[in-house]
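Below is one structure, written out as structure tokens; the observations come after it.
The values are calculated or read from the model by the stated rules, or taken from the named source; none is laboratory data. Being a predicted model, the structure only gives us computed values, none of them experimental. For neighbour counting, all protein chains shown are included, and Cβ atoms are generated from backbone atoms with ideal geometry for every residue, glycine included. Just the protein is used for accessible areas: all its heavy atoms, side chains included, with ligands, DNA and RNA removed. Shrake-Rupley method; radii C 1.70, N 1.55, O 1.52, S 1.80 Å.
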Amino acid sequence: MDVVIKNGILVNADGKTEMDIGIEAEKIVALGKNLSGRKTIDANGKYLIPGGIDVHTHLETVFGGNQTADDFLSGHLGAIAGGTTSHINFCFPNPGQSLHATLANWQQKVRSKSLIDYGFHLVIREESHLEELPMLLEKGVSSIKCFLAYKDTLQIDEELFFKTVEKAKEHGLLTMVHAENGNIIDYLIKKALANQLISPIFHARTRPPELESQSIHFAASVASMLNAPLYIVHVSSIKGLEEIRRAKERGTDLWAETCPQYLFFTEADLERKGHTPGLEHFEGAKWICSPPLRKQEDQMALWEGLRLGLIDVVSTDHCSFHFSSQKTRGLSDFSKIPNGVPGIEERMALLFHYGCNQRNLPMERFVSLTAEIPAFLFGLEGQKGRLAEGYDADIVLWNPNKRQILSVDSHHIQLDYNLYEGFTIEGGAEMVMLRGKIIYANGQFSVEQGNGKYLFRSSYKHSLNHDAKS
Ligand SMILES: [Zn+2]
């Protein structure tokens, strides 16, 4: 064997074991005792976990004329430092652009910059895209996304949504949905602005949780009618979670995701006062994302949902915009503040520290939420998300005692603020291996641009038995 990792505690979604990991070329080829190889890595009794998979990212994306601060390169640097070795980014077609052309364009953007493995979800914007769904699996794309919010830009109507879920099922694809009622939000925004209500807090006030739960209810009903799988992205509220629970209890093949921002912040953060001269009252813009941050009780319900298996995935919706030069476009109109927050770098550490260390979230569940279920849902089973023979050797040496203070001064992404500034974390990635190669160790990167591989993903496998995977 090329490499053997010894003295580690291996954590998979279904349990912990103490075994050596044998690696040849890019794969794990053996798990056992007393393995020997040309090179030995001593894990010193620390955890070995599958490389994190972040299935919701927006790197190098233009939203409403604003280009995200992070491109694939800076996003991948952050991901690696945080223990994430694969991600799936959203590809947005321009109006009139085919899915085929869109995918080719994004492949081009990432190829020379990639440091970690990457896949793509395609966004459905118009009826003509449906004709292309039968070809997506041949291109390694097993998931698509629809928006029920963002009127006049990304939003599609109920009929097109229905047809998309129907056809996606027929062709082995998983439909993801941003569930918020965009029509009513649009009206509430216009009404607020007409009344001179322009500050960041009105972002939250114009997107009440009822418009999320009502939209989840609609989307889940469609999935249930069609007996089709559906993945609800970034669930943010207790009301939304209630709809998820009901749909799952009815037996709908429904999956739910939340993101760190909803676990740590509330709408009160939109009213924060900052220290940037001239922008003291605009600090809250840093926390603008959609759905918006909610209340304390929503946070508590989401943590409980993670523990109970009501929420299946924690990903980030990483979508970074600089505070001083981009968020400020909404200084006199909250609706013009670019929507999005960072997280690709902090996801694993936040969930480990505040979940495993502070809330008794089992390590196995941490691995299931950050790697194994994402791999299962998005067609990477057998390849990623587990430490097992035949899988890619994507391995993170996780030091539970590594102390880090999150800060804009030390993060690796390209952004002029850190959403989690000052958070003190115990736990972090000490060594990161991607397909058998160490790409990060003790704070040093050893990886070249173009290192990442396109994730050719297989068809969604129906699983009505949530318990088997949760
Ligand atoms: Zn998103």
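Side notes on the structure shown:
- When the strands (runs of 3 or more DSSP E) confined to the stretch 17-77 are screened for residues that are more than 16 Å from the ligand (Cβ to nearest atom), those reaching at least 3 such residues are found at 20-24, 27-32, 39-42, 47-50.
- Condition check for LEU351: aliphatic (A, V, I, L, M) and surrounded by fewer than 20 Cβ atoms within 10 Å (Cβ to Cβ): no
- Unique match (being of a type in the set (D, E, K, R), open to solvent by 10 Å² or more (accessible area, probe 1.4 Å) and part of a loop (DSSP other than H, G, I, E, B)) among LYS273, LYS286: LYS273
- Whichever residue in the stretch 173-200 is over 26 Å from the mean Cα position of the chain (by Cα) and among the hydroxyl-bearing types (Ser, Thr, Tyr) and, among such residues, is surrounded by the fewest Cβ atoms within 10 Å (Cβ to Cβ): TYR187
- Of all residues in the stretch 413-423, none are touching a residue at least 24 places away in the same chain (Cβ under 8 Å) and within 26 Å of ILE21 (Cβ to Cβ).
- Scanning the stretch 110-132 for residues that are open to solvent by 10 Å² or more (accessible area, probe 1.4 Å), at pLDDT 95 or above and either in a helix (DSSP H, G or I) or outside the structural domain of LEU160 (by TED's automatic domain parsing) (or both) gives GLU127, SER128, LEU130, GLU131, GLU132.
- Condition met for LYS151 (surrounded by 14 or more Cβ atoms within 10 Å (Cβ to Cβ) and assigned to a loop (DSSP other than H, G, I, E, B)): yes
- A Cβ distance below 7 Å, combined with a sequence gap of six or more or placement on separate chains, defines the contacts here; from the stretch 230-251, residues that are among the basic types (Lys, Arg) reach residues that are away from the ligand (no atom under 16 Å from the Cβ) and open to solvent by 30 Å² or more (accessible area, probe 1.4 Å) in the pairs LYS239/PRO209; LYS239/GLU210; ARG250/SER224.
- ASN66 falls short on exactly one of the conditions (1) of a type outside the set (Gly, Ala, Ser); (2) farther than 24 Å from LEU351 by Cβ; (3) open to solvent by 40 Å² or more (accessible area, probe 1.4 Å), and that condition is (3).
- Looking at TYR391, TYR420, just one residue is within 22 Å of the chain's Cα centre (by Cα) and within 20 Å of TYR118 (Cβ to Cβ), and that residue is TYR391.
- Filter result (among the aliphatic types (A, V, I, L, M) and under 19 Å from ASN357 (Cα atoms)) within the stretch 297-310: MET300, ALA301, LEU302, LEU306, LEU308
- Flag if ASP416 is open to solvent by 10 Å² or more (accessible area, probe 1.4 Å), within 16 Å of the ligand (Cβ to nearest atom) and either of a type in the set (S, T, N, Q) or at pLDDT 95 or above (or both): no
- Single unsatisfied condition, THR102 versus (1) part of a helix (DSSP H, G or I); (2) within 15 Å of the ligand (Cβ to nearest atom): (2)
- Residue match in the stretch 190-203 (condition: more than 16 Å from the ligand (Cβ to nearest atom), in contact with a Ser or Thr (Cβ under 7 Å, 6 or more places away or on another chain) and assigned to a loop (DSSP other than H, G, I, E, B)): yes
- Taken over the stretch 1-32, the criterion of being open to solvent by 50 Å² or more (accessible area, probe 1.4 Å) and in contact with a helix residue (DSSP H, G or I) (Cβ under 9 Å, 6 or more places away or on another chain) is satisfied by ASP14, LYS16.
- Matching residues in the stretch 328-354 - criterion: being away from the ligand (no atom under 16 Å from the Cβ) and polar (S, T, N, Q): THR328, SER332, SER335
- Flag if PRO208 is more than 16 Å from the ligand (Cβ to nearest atom), over 22 Å from the mean Cα position of the chain (by Cα) and crowded, with 21+ Cβ neighbours inside 10 Å: no
- Considering residues of the stretch 221-247 that are open to solvent by less than 10 Å² (accessible area, probe 1.4 Å) and β-branched (Val, Ile, Thr) only, the residue nearest to the ligand (Cβ to nearest atom): VAL233
- Across the stretch 318-333, a minimum of one residue is classified as at pLDDT 95 or above, within 21 Å of the chain's Cα centre (by Cα) and open to solvent by 20 Å² or more (accessible area, probe 1.4 Å).
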